[in-house]
Every structure is written in C-alpha cells, then in structure tokens.
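S.K.: Take a look at this one; I'll ask things after.
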Amino acid sequence: MTEIKNILVALDLSDIDSTLIEYASFIAETLPVKKVYFVHNIKKFEISELFEEQLKDINLDEIIGNELNEKVEREFTSSVNWEVLISEDPYSESLISYVVNKYEIQLAVIGNKNKSKGTGVVSGKLLRMLKCSILSIPKNAKPIITNIWVGTDFSTASHKVFEVAENLQSIVAAKVKAVHIYNVPLQFSPYIPKEHLNSKIEIHLQEKYEKFIKKIGFKGDLTSEIIQGRDSGVAEKLRTKAEASGADLVMVGDKGRNTFSSLLVGSVTEEIFNQDLEIPLWIVK
C-alpha cells in the first residue's frame, strides 16, 4: 500500500471548506501524514468587467491567502505541518493536478459539489487526471470512520482497495464489508427463469469472493454482501444501500473488470463519484 504522507485539500471559499478542514485534521491525525497543502484557485477571468476598476489596485492573492491562513489556523486541529497555496488558473483541475505532481501528494481531499453551494472542484475530468487517491467529502460529513463499505468486482485491481481498508481498520477498529453489486445479463434473462438465474449467479459470485479474499490475504475482520443491482444501476444501488446501512465511508478502486458487474470500471466509478452521496467516498488509485 502507498503510504499517505502528503495530502492536498481543495478549498473554494464556500461553506463546505470547514467540513474539509475538519476532516483533513482527522485524517492527518489518523494516518502518518507529514504535511497538508490547502489549495485555492482564483479564477480572475470570472470576475465581471464591471468590477475591474474597483479591483485593479487590490491584491486578491494576498487578501484571500490571509483569509484562508486565518481559517486553517483556527479550524485545523492536527499538529501536522500545513501550508496554504494560492494560485490563478483558468481550470481548477489542472492546478490541482500540478500540485499533486509537484508536492508528491498521495491523497486529494475535495468537496462533493452536489452538497455544497460553492462552485465545486469535483469533476470527472479531475478523477481521470489525478494520479493520487481521491477522498470526496459531502457537506457536514462527520470526521469518523467506523463502518467501511468496500466495493469490489473481485479483480486484481480491487486488491489495493482492500489494502487501504485493512490499514484503516487496524488503526481505527472500523468494521469492513466487501460489497459486490451485480446485474443479470439481459441476453440470458428471456430463456432462464429469473429466480434460477439469480441463484446461479449468487452462488458463482460467492465462490469468486471466497477465492478472492483468500488470494489477497485480508488479515482483519471482514464481512460480505452480494446485492442485485436490478433497475437502479450499480452506482445508485451502492449509494442507497451504503447510506441505509449506516456506513460512514465508501471505498472503490478506479478500475476493474468482471462478468456481471463493472463496479470499478472508470465510467461507473465516475458515476459513483458524481452521485449525491451523503457519506465520504474514497477512490483508491
């Protein structure tokens, strides 16, 4: 598992910033983090021409930098070193990607744009661009990890997700559940009774799960659940089931492959990423 030493936290001056700072404090104290970088992008091209005259003698970088430094000083409770970075870039995604590469970031903490009133920095483009793992936090998320749902398709690519979950469990003693969501292949359904087909698939998937867990050698406590996706789709089913179960963290990989589910394939991960989640989502890369 890649050790998380440096964290990036993307701030946009909206209400969600306090939630991100608080959660970053928790992660910094939980994991062996060495430094946290708080990043804000000033999009000056969005400032209306109506205000150019009033703002021409004002140093926005300095004003916003001072404001964020005061906010982080006040709300970041971890003893870990931190730094505020202010920049100007037409695209927040490219700035965040640049900082990730320059400062060797292992985890980027960003706000779930569906839950904030800010402009948001979350996008599918960002998901594809960043080389590091991403932790998407909804507004008012509590900084606690006690119940982790790990989405898996039993592929080699999802092994790394369980490594992170196992590490978290060893530190915070959280419950970990391996979750697989499948859909019945449409080409089979007209010819085989649905009940028989579901039963066959679930037996097959349970066997795959047991072989997969034995192969990866998960050392902690692990439970599992195999869920039929039905008509709601994998991302929507994962969201509703996880929230109903009281999970406080969902973890998925950024890619994978399986006969009956594409839970970790890029397009589905992106769909989960852009869901209106009420709990944090950790995408492991």
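S.K.: Which of the pairs LYS177/LYS214; LYS131/LYS237; LYS175/LYS200; LYS34/LYS71 have their Cα atoms more than 23 Å apart in this structure? Each step should come with its number before you reach the end.
M.R.: Working: LYS177/LYS214 15 Å; LYS131/LYS237 27 Å; LYS175/LYS200 29 Å; LYS34/LYS71 20 Å.
The pairs that break the limit, which is 23 Å between Cα atoms, are LYS131/LYS237; LYS175/LYS200.
S.K.: Can you put LYS34, LYS237, LYS43, LYS215 in order of accessible area, largest first, using a 1.4 Å probe? Mind showing how you got there, number by number?
M.R.: Working: LYS34 125, LYS237 35, LYS43 60, LYS215 155 Å².
Sorted descending by solvent-accessible area, the residues read LYS215, LYS34, LYS43, LYS237.
The values are calculated or read from the model by the stated rules, or taken from the named source; none is laboratory data. Note that this is a predicted model, so its numbers are computed, not measured. Side chains are part of the model used for accessible areas, which takes the heavy atoms of the whole protein and leaves out ligands, DNA and RNA. Shrake-Rupley method; radii C 1.70, N 1.55, O 1.52, S 1.80 Å.
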